[in-house]
Amino acid sequence: MQNDNTRCGLIRKNESHFVDTIQKEAYVWCEKNWKHDDNEHIHTRAQLTFVEEGYQYFHIENKIYLVPQHHVIWIPSKKAHKITSEAQTVDLMVFLFKTVFPEDFYQHVHVFAAPPVLKEMLLYASKWNKTLVENDEQDIFFKAILKSLPNFCKESNGLEIPVPADKRLIPVCKDINSNFKYTLNIDALAEKAQMSVRSLQRIFKNETGITLQKYLQLTRILKSIELIDTQHYTLSEIAYKVGYQSLSAFTASYFAVMKSKPKNMKNQRASS
């Protein structure tokens, strides 16, 4: 397990800053049952995280990225981030790179499902877990992973929840997060924001890049992924719990956001 002074091989200088004393160009740090804290932190290495089990939230700038099981997130160097999760178990593989290629891809955050080839490469790389000595095979293999990422990431399809900077919109977001099972009451939300309905819709779109209805959809899908992870409910039960009147409506909405169909983990575990 990680101790209080290190995380992923980096030495904690203070709550938000980690110092890199490792000479290797790249290495991997695997953790079962990952433990979280509430500290935003920053380091000079670029980071690739593979969620092997559970799900993970990454808080980066004005967005919250959901990274489900078997997805990866790419975080550029010196990009402050914080991680949270309420999953029962979170197993992560964290790859840290000292230098990256010059392409534009490596300068931005990306979340995408790990295709089979990438997944097998990452799992194979786990044999070098926490190995900080020089290894020619590892160096070549990790450089191949790094170089291949733009091709594996055809398009980012993770769930991104925007966080508005305008404080008047915070009560609106909190209300939607608390009442996501219900139809939007635009008049009540406008009253909470102390502005007209038209102003709320315009300002919310300008601040977040999405409409109130889209924000509700994203929130519902986020909640559904949390419920799927518990393995306590069928997909039909989850559909109703997050506000959809039918399984087909939920499945269509889930696919529109995640680019994949929801998997019924409860039934899969029962039949295995």
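The values are calculated or read from the model by the stated rules, or taken from the named source; none is laboratory data. Since we're looking at a predicted model, the values are computed, not measured. All Cβ positions, even for glycine, are placed from backbone atoms using ideal geometry, and neighbour counts span all protein chains on display. Surface accessibility is based on the protein's heavy atoms, side chains included, excluding ligands, DNA and RNA. Shrake-Rupley method; radii C 1.70, N 1.55, O 1.52, S 1.80 Å.
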Problem set entry | Gaussian network model of the chain, springs between alpha carbon atoms under 10 Å - residue of I140, I238, I161 with greatest fluctuation | I140
Exercise. Using alpha carbons only, how many degrees (0 to 90, rounded to 10) separate the axis of helix 136-152 from the longest principal axis of the chain?
Worked result: 30
Seminar exercise, completed: By the C-alpha gyration tensor axes a ≥ b ≥ c (rounded if a/c is under 1.5, else prolate when a/b exceeds b/c, else oblate), the shape of the range 145-272 is oblate
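Size of the dipole of the chain about the Cα centre, Lys and Arg at +1 and Asp and Glu at -1 on the beta carbon, nothing else charged, in debye to 20? List each step's numbers first, then the result.
Values: 35 positive and 30 negative charges, 131 e Å.
Computed charge dipole of the chain: roughly 640 debye.
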For this session: Please build a GNM for the chain, connecting alpha carbons under 10 Å apart, and tell me which residue among K63, K167, K241 fluctuates the most.
Result: K167
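Pairs K167/K205; K63/K154; K35/K82; K35/K130; K63/K263: which exceed 19 Å Cα-Cα?
On the way: K167/K205 14 Å; K63/K154 21 Å; K35/K82 12 Å; K35/K130 17 Å; K63/K263 26 Å.
Table pairs above 19 Å Cα-Cα are K63/K154; K63/K263.
Place a +1 charge on the Cβ of each Lys and Arg in the range 101-246 and a -1 charge on the Cβ of each Asp and Glu, then give the dipole magnitude about the Cα centre in debye, rounded to the nearest 20.
Values: 18 positive and 17 negative charges, 137 e Å.
So the dipole magnitude of the range 101-246 works out to roughly 660 debye.
To the nearest 20 debye, what charge dipole does the range 198-251 have about its Cα centre, counting +1 at the Cβ of each Lys and Arg and -1 at the Cβ of each Asp and Glu? Write out the running numbers ahead of the final one.
Values: 7 positive and 4 negative charges, 78 e Å.
It comes to approximately 380 debye.
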Problem set entry | Phi-based couplings in Hz for the range 90-100 (Karplus 6.51, -1.76, 1.60; Gly and Pro marked x) | 10, 10, 10, 10, 10, 9, 10, 10, 6, 10, 10
Problem set entry | Calculated Rg/Rh (Cα atoms, Kirkwood Rh) (choose from (1) 0.99; (2) 1.06; (3) 0.93), label | (1)
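Using the beta-carbon distance between K63 and T21 and R0 = 35 Å, what value does 1/(1 + (r/R0)^6) give for FRET efficiency, to the nearest 0.05?
About 0.70, to the nearest 0.05.
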Problem set entry | Amide H partners (placed H, <5 Å) of Y27, local residues excluded | L96
Exercise. Which of these, H41, H71, H59, has the largest mean-square fluctuation under a Gaussian network model of the chain (Cα springs below 10 Å)?
Worked result: H41
Problem set entry | Amide H partners (placed H, <5 Å) of A46, local residues excluded | S77, F97
Exercise. Ignoring ligands, DNA and RNA, what accessible area per residue does the chain give at 1.4 Å, in Å²?
Worked result: 51
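What fraction of the DSSP beta bridges in the chain is antiparallel, stated in percent and rounded to the nearest 5? Walk me through the numbers on the way to the answer.
On the way: 39 of 40 bridges.
Approximately 100 percent, going by the DSSP bridge assignments.
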Exercise. Taking amide hydrogens as modeled 1.01 Å from N in the peptide plane, which residues meet the under 5 Å criterion relative to H110, leaving out close sequence neighbours?
Worked result: W74
Seminar exercise, completed: Using alpha carbon centers only, the range 20-74 is separated from the range 198-234 by a whole-angstrom value of 23
Seminar exercise, completed: Taking Cα atoms, the helix 116-125 axis meets the longest principal axis of the chain at an angle in degrees (rounded to 10) of 50
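Sort the range 29-122 into rounded, prolate or oblate with this rule: let a ≥ b ≥ c be the square roots of the eigenvalues of the Cα gyration tensor; rounded if a/c is under 1.5, and if a/c is not under 1.5, prolate when a/b is larger than b/c, oblate otherwise.
Working: a/c = 1.62, a/b = 1.14, b/c = 1.42.
Since a/c reaches 1.5 but b/c is at least a/b, the shape of the range 29-122 is classed as oblate.
Only Cα pairs under 8 Å and at least 6 apart count here; give the relative contact order of the range 48-100 as a rounded whole percent. Intermediate results must be reported in sequence, preceding the final value.
Working: 93 pairs, mean separation 25.6, N = 53.
Once divided by the residue count of the range 48-100, the mean separation gives 48 percent.
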Exercise. How many percent of the accessible area of the chain is carbon or sulfur, using a 1.4 Å probe?
Worked result: 50
